[in-house]
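Below is one structure; the comments refer to it alone.
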Amino acid sequence: MKKPLLVANWKMNPTKLAKAKEIAKFYDNENVVICPPFVFLNEVKETIKKASLGAQNCFWEKSSHKKGAFTGEISGEMLADIGCRFVILGHSERREIFKEDYLSIKRKIKITLSLGMTPILCIGEKGGEEKKQIETIKKQITDSLEKSLVKKIIIAYEPVFAIGTGKPCDSYLAEKRKLLIKKILEEIVKGGDKTPILYGGSVNSKNAALYIKEAGFDGLLVGGASLDKKEFKQIIESLKEL
Ligand code: PGA
């Protein structure tokens, strides 16, 4: 089995550069992707030797478009130049708080791929009625992807009710969702079911291995626990023997 990928999503943390460097150094591992806030990317890159660098977002136009008149945005070219290999896109916090829609997510996926980086597309339902949850997942996938993109990306299944709540998704339900996602991807394009799928949502050192061993995910997207050096190190350790 291929080693599980561990993506550390630091979100808007930590507040100090020194702390960012300290954490990054502590869990520098070849199967880890560290996604710090934009301002820390360069310094984190200088700190890590084995881990890969990822961003938490990316604008959909190049800097050359309209002379880069997109105040406050970061272009994919900047991310690629600094050494990012992955970009997290469509995170539920961005969909909810920043009202990111399917079209902008699709554009971001395309620009990320065109610059040689791998998009990690986050999808996940909010809870509620089963039929509605399935429809949400289907819509998130079919509206943000097209045939030519499916096999080039990584999907992160993150049920919204499990994100940052300390209430992880039951591994049986997570596996069920993983199989649904695979089916949808295979329907879009033959071989789409081979697209790697990560689990995210209240992952910690006690449940990390369950999602890989029992639910068969290809890796994990870790938020809160990735800012705790000891906890994250234990997550790495718990996956070593798999
Ligand atoms: P969490 O966040 O691990 O803190 O639940 C996961 C995420 O939002 O990517």
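The values are calculated or read from the model by the stated rules, or taken from the named source; none is laboratory data. Since this is a predicted model, take the numbers as computed values, not measurements. In this analysis, Cβ positions are derived from the backbone assuming ideal geometry, glycine residues included, and neighbour counts consider all displayed protein chains.
Looking at the structure I just gave you, is residue 118 among the polar types (S, T, N, Q), modelled with pLDDT of 95 or more and within 28 Å of residue 175 (Cβ to Cβ)?
yes
The single condition among (1) over 17 Å from the mean Cα position of the chain (by Cα); (2) assigned to a strand (DSSP E or B) that residue 132 does not meet is (2). Suppose the filter is aliphatic (A, V, I, L, M) and surrounded by 21 or more Cβ atoms within 10 Å (Cβ to Cβ); does residue 155 pass it? For residue 155, the condition - aliphatic (A, V, I, L, M) and surrounded by 21 or more Cβ atoms within 10 Å (Cβ to Cβ) - is met. The set of residues in region 195-227 that are closer than 24 Å to residue 56 by Cα and either modelled with pLDDT under 95 or more than 13 Å from the ligand (Cβ to nearest atom) (or both) comprises 195, 196, 197, 212, 217, 218. Taking the listed residues 148, 171, the one that is more than 20 Å from residue 93 (Cα to Cα), more than 10 Å from the ligand (Cβ to nearest atom) and in contact with an Asp or Glu (Cβ under 6 Å, 6 or more places away or on another chain) is 171, with no other qualifying.
The residue that is nearest to residue 88 (Cα to Cα), among those in region 107-125 that are charged (D, E, K, R) and crowded, with 19+ Cβ neighbours inside 10 Å, is 108. Taking the numbered list (1) touching a Leu at 6+ places or on another chain (Cβ under 7 Å); (2) more than 26 Å from residue 25 (Cβ to Cβ) in turn, residue 177 passes all entries but (1).
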